[in-house]
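The values are calculated or read from the model by the stated rules, or taken from the named source; none is laboratory data. Remember, it's a predicted structure, so these values are computed and weren't measured experimentally. In this analysis, Cβ positions are derived from the backbone assuming ideal geometry, glycine residues included, and neighbour counts consider all displayed protein chains.
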Amino acid sequence: MAWTINNGKLYFNSVLYTGNGGNGHTISGVGFQPDFTWLKGRSSALAHMWVDAVRGVNTVINSNTSNAETTFNCLDPWNADGFVLSNNSNFNGNGVTFVAWNWLAAGTAPSNTYAVKVVSDGGNKYRFDDFGASAVTLEISEGGTFTFDQSDSSNNGHPLRFSTTSDGTHGGGSEYTTGITVSGTPGQAGAKTVIVVAASAPTLYYYCTVHSGMGGQANTPVTNSFSNFAGSIQSNISPNTTSKFSIVSYTGTGSNATVGHGLGVAPTMMIIKNRDDTDSWYVWQQNLGAVASNYINLNTTGAKSSVSDGITALSSSTFSLGNRGDVNASSEKYIAYCFADVQGYSKFGSYTGNGSTNGTFVYTGFKPAFVLYKKFSGTENWFMHDNKRQGYNPDNEYLFPDLDSAEGSLNRINLLSNGFKATTSDGGINGSGATYIYMAFAENPITSSTGVPSTAR
């Protein structure tokens, strides 16, 4: 596996802050504009708050419950170094201490290219990336650059343009030209329409300047996401192929389906939540065993379970789903957080406890800045640590992703230069013969003179 990241803080970082109870509370020091922020009160029992750039800054889900997504004013839009808080007590209570874990996905200016074809589907229609449906509603977010490649010969005589009116000039509207560049002749090599979506762009409609009824709607949300057509279900994604992290939203079908994720490699860990219903969080990790059967819940203490209708297969472009309600109920909306290992930056692994205060050493290849772990061979809470809340070993400060509890303190773990090590026999981290999964992220990997992450212990 190629090592591509030598400064993990460009993709993951934690910040600490104290709430002030007011609107406009600016939190800085992240070092990048986040696409996913996970907030938790440390000094009070408060729900875990998950906010991401695909669902938008005003939609929240809680890892400690099975509750559906809630809508309220949470963050002002993320900025280049953090975010701004509203006055909600769950993440900005006056005098309450908080931690925010932040990940970068697509970034501030996503881009994508769509291969356009014209097909006969109740009359000529535009189709993207050979997706099974025509004239679909697109998501092309503000600030993004999106290329519509019309090189395929089927585009001959069908120039694709945009308008603020449905069906453009055929619907009585005019062509929209802000941020748009047109090149070549449709149906010939190099033909394309490129749009850089302007700030506060209106809802747009793509259409053919020659023939009516060929196009559809193009939403321009204030998110860092865009439409993906790799699967049988259209998805909206915010992927980072360098850090191997992608945020994916989709609407379930209630039957077997595939969903595009945009990672470029098969995920090694996935976390899925039904946004519309009270289904539990569905977590798959490569060390749970066969992808087609094994999972664990993020919001409970339960051990690994096996089913046949959850995540059923993975590829470099899609994940496959059965008809299980917590991953693919008909007409219900879902969010999926997809990860893959990056040598020297992220690791999704497993280990076996030894039941000793001189606990099992877990090699990651970097000093962890964040560790989340869970016993899967039996019942235990999830635990999470980072290098900011305490900042020295042993790292005693922990939180439970499955509980709203305030921060606990107990001698549990050492965050070492190339991994982590349990410092207790507690069953939540180091029970004798118990098996655990974990996810870990680095800030600054230790490297050799050749630029390869250190393997020394």
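Results, tabulated for the structure shown:
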| quantity | calculated |
| --- | --- |
| Failed condition for THR26, given (1) in a loop (DSSP other than H, G, I, E, B); (2) farther than 29 Å from ILE296 by Cβ | (1) |
| Filter result for the condition that a residue is closer than 16 Å to GLY144 by Cβ, in contact with a strand residue (DSSP E or B) (Cβ under 6 Å, 6 or more places away or on another chain) and at pLDDT 95 or above, over SER227, SER232 | SER227 |
| The lone exception for THR258 - which of (1) buried (at least 21 other Cβ atoms within 10 Å of the Cβ); (2) polar (S, T, N, Q); (3) part of a strand (DSSP E or B) it fails | (1) |
| Any hit, the stretch 54-63, residues being surrounded by fewer than 17 Cβ atoms within 10 Å (Cβ to Cβ) and not small (Gly, Ala, Ser) | yes |
| Tally of residues being farther than 24 Å from VAL222 by Cβ and buried (at least 18 other Cβ atoms within 10 Å of the Cβ) across the stretch 234-255 | 2 |
| In the stretch 64-107, the residues that are of a type in the set (Val, Ile, Thr) and either buried (at least 23 other Cβ atoms within 10 Å of the Cβ) or assigned to a loop (DSSP other than H, G, I, E, B) (or both) | THR65, VAL96 |
| Single condition LYS117 does not satisfy, out of (1) modelled with pLDDT under 95; (2) not in a loop (DSSP other than H, G, I, E, B) | (1) |
| Strands (runs of 3 or more DSSP E) contained entirely in the stretch 385-445, each with at least 2 residues that are within 18 Å of ALA100 (Cβ to Cβ) and of a type outside the set (D, E, K, R) | 435-442 |
| Top-ranked residue in the stretch 346-378 [being among the aromatic types (Phe, Trp, Tyr) and at pLDDT 95 or above; ranked as farthest from ASN7 (Cα to Cα)] | PHE376 |
| Among the residues listed as ALA133, ALA106, the single one being in contact with a strand residue (DSSP E or B) (Cβ under 8 Å, 6 or more places away or on another chain) and closer than 23 Å to GLY213 by Cα | ALA133 |
| Some residue of the stretch 31-54 being within 25 Å of ASP279 (Cβ to Cβ) and touching a Pro at 6+ places or on another chain (Cβ under 7 Å) | yes |
| Residue in the stretch 287-307 that is of a type in the set (D, E, K, R) and over 21 Å from ASN381 (Cα atoms) present | no |
